[in-house]
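J.: Below you'll find the structure I mean.
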Amino acid sequence: MQKENKVIPVFMRVISTGSTKGNCYALQSSAGEIVLLDCGCDYKKILGGIDYQISNVSGVLLSHEHGDHTKAIREIMNAGIAVYTGQETINNLGITDGTIKAVAEKKYFKIGSFSAVPFSLPHTSANKEPCPNFGYLVEHEEMGKLLYLTDFEHCRYKFKSMEINHLVIGCNYCEELIDRNNPKWKHQITGHCSLPTCKQFIKENLTESLKTITLVHLSGDASDAGKMLKEVKEVVGDDVLVQIGRAGLEVDLNLFPF
């Protein structure tokens, strides 16, 4: 009797998510190759999150300069891992050496067996100054197309014709839960994605190819995970797996069922 071939998991693991805990997500192919989305938590936590397979990491796709996305960048570079981001972000970080590499907006580049194209998303710093910020369209033959968008007020691009398979999207706050007595409340609104904006983006880009949505970077005091999950599920229906990102969550990214 012939043995059935076992599907080797292709997945995304949430290592850390949120403004306080920091943000880092690992994409892993069936060969064990890893690409990190941001590196905003303790380096030791990242190591544990990738089962200490540091030699398998092909690189980091860095969205922007804020500490909850860059905390481990020095340790990452000291380990010889390439970090890819925009030139403005590199300048603002003040990094003049190491393995950090500038990539151009809307231009594909290879990162191991993965490929990626960055695109600009509007974000602001706490001082209300514009902050350069990249989203990424990431592709791999085993997972298809994955969109990563975080810390953005809105996205002017439409991806429907590209038939995205997986979406990792910052869904930061519910408008009715914003505390306008908090001096940082305007930054929260202009620098992050609301639930209605998240839902609208999903509606505009929804196709039958979409398999998973992972909602990440929820605000600790202005989000309602249950409400977010319910309302996004109402948008996409039962054929799309919708989950709230939390440390340790693994999302199956296999493009094929065999």
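J.: Considering only residues that are closer than 18 Å to Thr99 by Cα and among the hydrophobic types (A, V, I, L, M, F, W, C), look in the stretch 25-45 and name the one that is surrounded by the most Cβ atoms within 10 Å (Cβ to Cβ).
T.: Within the stretch 25-45, the match that is surrounded by the most Cβ atoms within 10 Å (Cβ to Cβ) is Cys39.
J.: Do we have Leu206 as among the aliphatic types (A, V, I, L, M) and either farther than 24 Å from Ser16 by Cα or without any contact (Cβ under 8 Å) to a residue 12 or more places away in the chain (or both) here?
T.: yes
J.: Tell me, which residue of the stretch 72-98 that is in contact with a strand residue (DSSP E or B) (Cβ under 6 Å, 6 or more places away or on another chain) and in a loop (DSSP other than H, G, I, E, B) is nearest to Leu147 (Cα to Cα)?
T.: Filtering first and then ranking leaves Gly86.
J.: Out of the residues in the stretch 25-70 that are part of a strand (DSSP E or B) and of a type outside the set (A, V, I, L, M, F, W, C), which is nearest to the chain's Cα centre (by Cα)?
T.: So the residue we want is Tyr25.
J.: Looking at the stretch 241-254, I want the residues that are surrounded by 18 or more Cβ atoms within 10 Å (Cβ to Cβ) and have a partner that is in a loop (DSSP other than H, G, I, E, B) and modelled with pLDDT under 95 with Cβ atoms under 6 Å, at least 6 apart or on another chain. Which pairs are those?
T.: Leu253/Val10
J.: Take the residues in the stretch 208-240 that are among the charged types (D, E, K, R) and under 26 Å from Leu255 (Cα atoms); name whichever of them is least open to solvent (accessible area, probe 1.4 Å).
T.: Looking at the filtered set, the residue picked out is Glu231.
J.: If the requirement is being small (Gly, Ala, Ser), open to solvent by less than 20 Å² (accessible area, probe 1.4 Å) and either at pLDDT 95 or above or within 20 Å of Ile202 (Cα to Cα) (or both), which of these qualifies: Gly94, Gly86, Gly80, Gly67?
T.: Every option except Gly86 fails the conditions.
J.: Next question. Quick one: Gly22 ticks every box in (1) more than 17 Å from the chain's Cα centre (by Cα); (2) crowded, with 17+ Cβ neighbours inside 10 Å; (3) modelled with pLDDT of 95 or more bar one, so which box is it?
T.: Every condition holds for Gly22 apart from (1).
J.: Given the criterion open to solvent by less than 40 Å² (accessible area, probe 1.4 Å) and either among the basic types (Lys, Arg) or touching a residue at least 40 places away in the same chain (Cβ under 8 Å) (or both), identify the matching residue among Ala126, Ala116.
T.: Matching residue, one of Ala126, Ala116: Ala116.
The values are calculated or read from the model by the stated rules, or taken from the named source; none is laboratory data. Computed from a prediction, not measured in an experiment: that's the story for all the values here. Reconstructed Cβ throughout: ideal geometry from the backbone, glycine too, with neighbour counts over all protein chains shown. All accessible areas refer to the heavy atoms of the entire protein, side chains included, with ligands and DNA or RNA removed. Shrake-Rupley method; radii C 1.70, N 1.55, O 1.52, S 1.80 Å.
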